[in-house]
Amino acid sequence: MTSPDKNGGRLKRTADRLFAPLLAGATFRSRLIASVGILLCVAFTGVVSAWLYNHTTHYAFLIAPVGASAILLFVVPSSPMAQPWAIIGGNTISALVGVLVYQFVKEPLLAAGLAVALSVLAMSLARAMHPPGGAIALTAVIGGHTITEAGFLFPFAPVALDSTIVVLFGIAFHKLLRRPYPHTTPVINQHQTQDTPTQMRGGPTSADIDAALSEMQESFDITRGDLEVLLRQIEMQTVMRNNASGKAGPDCASIMSRHVVSVKAADIDDYARSLLLKHNIRSLPVVDEANKLLGTVGLRELLKGKGAVETLMIVPPVAHPQDPALSLLPVLTNGRSHAVIITDADNKVVGLISQTDLLAALARLVQSALSVEKTL
């Protein structure tokens with residue numbers, strides 16, 4: 001029978017997969033403030049635009065993508081896509097692209113696709129990537145008679161005008177709340193020289209970050225400068241957490257793998273071997289029905305015989321979550337042990353630390369120590 005805790009954990013994991021990724025740093029208070037800002041911004045833009053157009057009703061003085069621009073500006077104001085040039089330039093350039101495509105491509109479906117695709121290319125070249133720009137390019141093609149009749153006036157009024165009003169309102173709103181906008185990387189050299197700021201020395205360089213991003217082959221909605229600052233803060237928080245307890249380095253709970261692949265004593269050797277190969281691991285904890293540790297079995301043991309795992313398993317090295325991770329160094333460098341099983345007070349398996357886990361922890365510890373030394 002499945003326990004409520006297990007059901008709850010399964011539901012949480014399912015929800016995390018369905019609604020991922022979560023926006024880092026998001027809080028209910030920040031979203032509430034953003035919603036108020038969006039409400040006031042869109043309403044203000046509509047009122048000002050209507051006044052400038054002398055309350056004419058035959059022309060669209062408030063375009064729909066303004067709402068999308070406002071979301072970016074108030075929800076993620078630090079995003080490169082939410083900066084003033086991205087909003088004004090991206091929207092205006094996309095509108096120009098859409099009008100040009102409409103003038104020369106008469107097939108509606110082809111024109112719609114070309115307008116959005118070319119607007120992305122144009123925004124990229126102008127360093128003004130702004131997702132609502134794609135919607136504006138599409139609007140220029142399929143927005144109806146009123147918009148298409150405006151021709152090359154459309155990119156400037158209402159698009160550029162509305163975008164400018166949104167940006168100016170956003171600047172005023174964020175300034176009122178004492179929030180930095182337009183966003184700048186919050187790290188400067190306090191000595192007003194060309195040297196790299198002290199807290200940035202010895203850590204990841206721009207070249208390191210470029211190389212990592214190239215390896216990952218993905219785009220991230222954060223500037224390189226912000227990424228460097230974030231990495232520095234993470235390193236500092238890690239050092240502070242590890243030193244808070246007075247221990248020299250992290251404890252086992254901080255670095256252990258928690259999703260431990262295991263086998264039962266009655267499982268046959270072929271099944272254990274298949275798990276080792278599938279997960280590319282060296283050893284498997286052998287547990288009973290209550291998940292209590294009985295032993296371990298690895299490829300070395302499986303080569304010695306066949307049959308049930310309980311006839312092949314050996315006594316493993318064991319540690320507890322609160323033990324210093326560095327205390328495992330003698331065990332994991334003895335040439336025999338590839339992993340240490342982490343158990344709780346009831347001898348239940350709660351984690352596993354491999355040689356790779358410990359090596360990575362040591363590398364972080366050395367890097368953190370060097371970073372602290374550089375700042376002193």
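Structural remarks
- Among the candidates Pro132, Pro65, the residue that is touching a residue at least 12 places away in the same chain (Cβ under 8 Å), in contact with a Ser or Thr (Cβ under 6 Å, 6 or more places away or on another chain) and either surrounded by fewer than 24 Cβ atoms within 10 Å (Cβ to Cβ) or under 21 Å from Val166 (Cβ atoms) (or both) is uniquely Pro132.
- Filter result for the condition that a residue is over 12 Å from Ile93 (Cα atoms) and surrounded by fewer than 16 Cβ atoms within 10 Å (Cβ to Cβ), over Leu176, Leu125, Leu138, Leu121: Leu176
- Leu277 meets all of the listed conditions (1) open to solvent by less than 80 Å² (accessible area, probe 1.4 Å); (2) hydrophobic (A, V, I, L, M, F, W, C); (3) under 32 Å from the mean Cα position of the chain (by Cα) but one, namely (1).
- Residue ranges of helices (runs of 4 or more DSSP H) in the stretch 213-314 with at least 3 members aliphatic (A, V, I, L, M) and at pLDDT below 90: 224-244
- In the stretch 26-50, the residues that are assigned to a helix (DSSP H, G or I) reach residues that are modelled with pLDDT of 85 or more and loosely packed, with under 14 Cβ neighbours inside 10 Å with C-beta atoms within less than 8 angstrom, at least six apart or across chains, in these pairs: Ile33/Leu177.
- Condition met for Phe154 (open to solvent by less than 10 Å² (accessible area, probe 1.4 Å), hydrophobic (A, V, I, L, M, F, W, C), out of contact with any Lys or Arg (no Cβ under 9 Å at 6 or more places or on another chain) and more than 30 Å from Ile33 (Cβ to Cβ)): yes
- Scanning the stretch 296-313 turns up one or more residues that are within 28 Å of Asp251 (Cβ to Cβ) and open to solvent by 30 Å² or more (accessible area, probe 1.4 Å).
- Qualifying residue in the stretch 71-88 (condition: crowded, with 19+ Cβ neighbours inside 10 Å, closer than 16 Å to Phe169 by Cα and of a type in the set (Phe, Trp, Tyr)): yes
- Where a residue in the stretch 217-235 is more than 17 Å from Ala86 (Cα to Cα) and its partner, wherever it lies, is assigned to a loop (DSSP other than H, G, I, E, B) and among the hydroxyl-bearing types (Ser, Thr, Tyr), with Cβ under 7 Å and at least six apart: Gly225/Thr185; Asp226/Ser78; Asp226/Thr185; Val229/Thr185
- Search result, residues across the stretch 316-333 that are part of a helix (DSSP H, G or I), of a type in the set (A, V, I, L, M, F, W, C) and either in contact with a Pro (Cβ under 7 Å, 6 or more places away or on another chain) or surrounded by fewer than 20 Cβ atoms within 10 Å (Cβ to Cβ) (or both): Ala325, Leu326, Leu329, Val331
The values are calculated or read from the model by the stated rules, or taken from the named source; none is laboratory data. Model, not experiment: these values are computed from the prediction. All Cβ positions, glycine included, derive from the backbone under ideal geometry; neighbour counts span all protein chains shown. Protein only, heavy atoms only, side chains kept; ligands, DNA and RNA dropped before computing areas. Shrake-Rupley method; radii C 1.70, N 1.55, O 1.52, S 1.80 Å.
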